[in-house]
Protein chains: 6
Amino acid sequence: MSETTGSLADFNAFRAQMNDLVLGKGNLTINRFFALDSRAYEPGALGTKTKEMLGLVASMVLRCDDCITYHVVQCAEQGVTDEEFMDVFGVGLVVGGSIVIPHLRRAMARLEEVRAQEPAGRSKQ
Amino acid sequence: MSETTGSLADFNAFRAQMNDLVLGKGNLTINRFFALDSRAYEPGALGTKTKEMLGLVASMVLRCDDCITYHVVQCAEQGVTDEEFMDVFGVGLVVGGSIVIPHLRRAMARLEEVRAQEPAGRSKQ
Amino acid sequence: MSETTGSLADFNAFRAQMNDLVLGKGNLTINRFFALDSRAYEPGALGTKTKEMLGLVASMVLRCDDCITYHVVQCAEQGVTDEEFMDVFGVGLVVGGSIVIPHLRRAMARLEEVRAQEPAGRSKQ
Amino acid sequence: MSETTGSLADFNAFRAQMNDLVLGKGNLTINRFFALDSRAYEPGALGTKTKEMLGLVASMVLRCDDCITYHVVQCAEQGVTDEEFMDVFGVGLVVGGSIVIPHLRRAMARLEEVRAQEPAGRSKQ
Amino acid sequence: MSETTGSLADFNAFRAQMNDLVLGKGNLTINRFFALDSRAYEPGALGTKTKEMLGLVASMVLRCDDCITYHVVQCAEQGVTDEEFMDVFGVGLVVGGSIVIPHLRRAMARLEEVRAQEPAGRSKQ
Amino acid sequence: MSETTGSLADFNAFRAQMNDLVLGKGNLTINRFFALDSRAYEPGALGTKTKEMLGLVASMVLRCDDCITYHVVQCAEQGVTDEEFMDVFGVGLVVGGSIVIPHLRRAMARLEEVRAQEPAGRSKQ
């Protein structure tokens, strides 16, 4: 049942299926929250790339693997480089402490997985 | 070793086996805590149904999947309807934020699993 | 500058002043979140009284004094009795542990303050 | 109303007054929890000094100033030296991260206050 | 004793005094952590402005008022505009939920205090 | 991809592989944090055994299964007995509340796994 142990494809499939199930229940509070969650990362005074890095570091210090996975994917799509990812992880590690380390390890594994699926040269941006 | 990835039957089996192991160690503090944890949901000024919903929302904002599973099962036994579950999840989501969403997805999957095991019509209560 | 050390009147004044300042900035994400936060406690499958108790126990296990203050006031307005408050606090304490105790003490002080401001007999409901 | 801004004497007075108020309500779950909380630090396989240091580091990583104050006082009574306090704080800081630093500063201020009230030479133990 | 209720000047004075006291104890783990905490925000693949916004959103979702105060000051020195601050707060609010709101109110009050001390026109950058 | 569901050998293999990957990126903040994390448990005013028990209880109340696994292994190597483990778990449970219970169950399973791999008589120390 879990999202945390499978591949990125498994994660995405479970996420899509369960989001549909949740939204299909028609609870207005929940459905509005999901809409708001999407729009929070749209460009404003800060661009989407910066906002996604904010979402990533927040997910890291709150230690949510699925949230980290989601924002790693989004950050990679925004062109965040490996060196920039490490800077985000570094701030998250210092603020959040060693308790963050297991999530950092899994974030690295996800980043590897994402990079392996990118067209050649993408991570060199 | 984990409880989080298997079926409800796996969860219950691991939970029973490990509770026995823990309680068998005879640590007085731990054993009394387990007894207290059971009695906290017995009817008082508030009934068990309300207390179980309180336990569920607390588990959701603290983001503990196994605790959510436990209280989803207990709430279902107390006759909590799907619409009431969504209201509990909605409060948990607004208070706890988007970091709660992955746990909400897994809570929905558990609820589906629980409903599938109920005698016909139970979820219509 | 703090909201946590003053009277209920101080809390309400600071809260109103700062909410105005925040909302006046016109950030769409933040303003929509505030609107959503209000509507989450409106009656649905569960009534406002139950939803406010859910908000209170969630605030207690997350250990936010100002959130506790807010929901204690709302619960009192919904007719939650002292015995029901203690049941909510009891679930919060067992789920959240002894780390919750200082917040329980301050919640009790707030409840006393709220009761002292109620018309005679209100807490006997 | 707060316990966090005053002297140790203020903290103790508010704590005693509110504990009386809470326990006087006669909620069985809460009253049993308070009793269990006391006995958790009684000597067992580990002595009280070690258990109080465990309570202190747990309070530090969970970032509860009042809990830290309580365990600093208890640890000092158990003869924990300044160097041992710093070792406990060091583990708490590395596990919990920089978010712990403001609580570490207040813990130091409390320790100074406790040492100032001890008979001469106590902190040299 | 608290840092959270006073002015920015009070905060800075207590912070400096207690940091001196902590570092003067000579605990190698703690002193190295403090050094590491400083260097985490130095420019790397990401600039200091971005890193300070990461530190701010992490402090907000972890709900540490003193950490928020520190990063609000640092962000303002890096030229973060009011609109950018609101975007950071918006991401923190959506990720962390309504439990973040009291800290958002205090962050706004700190930002006002910081702006009032800036040379004319600074916040227009 | 997860570390939490496999055997201790799986945990150690993933941990070593990912630590190498992280450290190989050469981010100075992260690499220094890892070094600091190791030295925090070296003997000082408190011995390594006590420090590892502090790390274990901190990991338990912060509810990080991988951190718990790591410190259970280290504590066992330092000669912590089953009775002492239960005392550490008892403090963690009372401080952290019932939300800790699923992690306590997994900690017990890990301890069993560790004991099964020890030379005969080790757990009788």
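The values are calculated or read from the model by the stated rules, or taken from the named source; none is laboratory data. As the structure is a prediction and not an experimental result, all values here were calculated from the model. Here Cβ is always computed from backbone atoms with ideal geometry, including for glycine, and neighbour counts include all displayed protein chains. Heads up: the accessible areas ignore ligands, DNA and RNA and are worked out on the full protein's heavy atoms, side chains in. Shrake-Rupley method; radii C 1.70, N 1.55, O 1.52, S 1.80 Å.
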I'd like the Karplus ³J(HN,Hα) series for segment B:97-111: coefficients 6.51, -1.76, 1.60, θ = phi - 60°, whole numbers in Hz, and an x wherever there's a Gly or Pro. x, 5, 5, 7, 4, x, 6, 5, 4, 5, 4, 4, 4, 5, 4
Separation of the A:Asn31 and A:Glu77 label points, Cα + 7 Å toward Cβ, nm: 2.3 nm
Proportion of all alpha-carbon pairs of segment B:64-121 beyond 16 Å (%): 38 percent
Averaged over its residues, how many other protein chain Cβ atoms are within 10 Å of peptide D:68-81's Cβ atoms? 1
Residue by residue through segment E:31-38, the couplings from Karplus 6.51 cos²θ - 1.76 cosθ + 1.60 with θ = phi - 60°, in Hz, x for Gly and Pro, are 5, 5, 4, 4, 5, 5, 4, 5
Could you work out which residue, out of E:Ala109, E:Ala35, E:Ala13, moves most in a Gaussian network model of chain E, that is, has the largest mean-square fluctuation with Cα springs under 10 Å? E:Ala35
Write down the radius of gyration of segment C:4-48 and its Dmax, each obtained from C-alpha positions, in Å. 13.5, 36
Only helical DSSP H runs with n ≥ 4 go in: add -39500 (n - 2.57) per run for chain C, normalise by residue count and round the 222 nm mean residue ellipticity to 500 deg cm²/dmol. -23000 deg cm²/dmol
Gyration tensor on Cα atoms of segment D:24-75, a ≥ b ≥ c root eigenvalues, a/c under 1.5 rounded, else prolate if a/b beats b/c, else oblate, says oblate
Among B:Phe33, B:Phe11, B:Phe85, the residue with the largest mean-square fluctuation in a Gaussian network model of chain B built from Cα contacts under 10 Å is B:Phe33
Percent accessible area from carbon and sulfur atoms, the protein assembly as shown, protein chains only, probe 1.4 Å: 47 percent
Hull surface divided by four, with the convex hull built on the Cα atoms of chain D: how many nm²? 8.5 nm²
Disulfide-incompatible cysteines by the Cβ rule (no partner under 4.7 Å) in chain C: C:Cys75
Once the convex hull of the C-alpha atoms of the protein assembly as shown is built, how many Å³ does it hold per residue, rounded to a whole number? 148 Å³
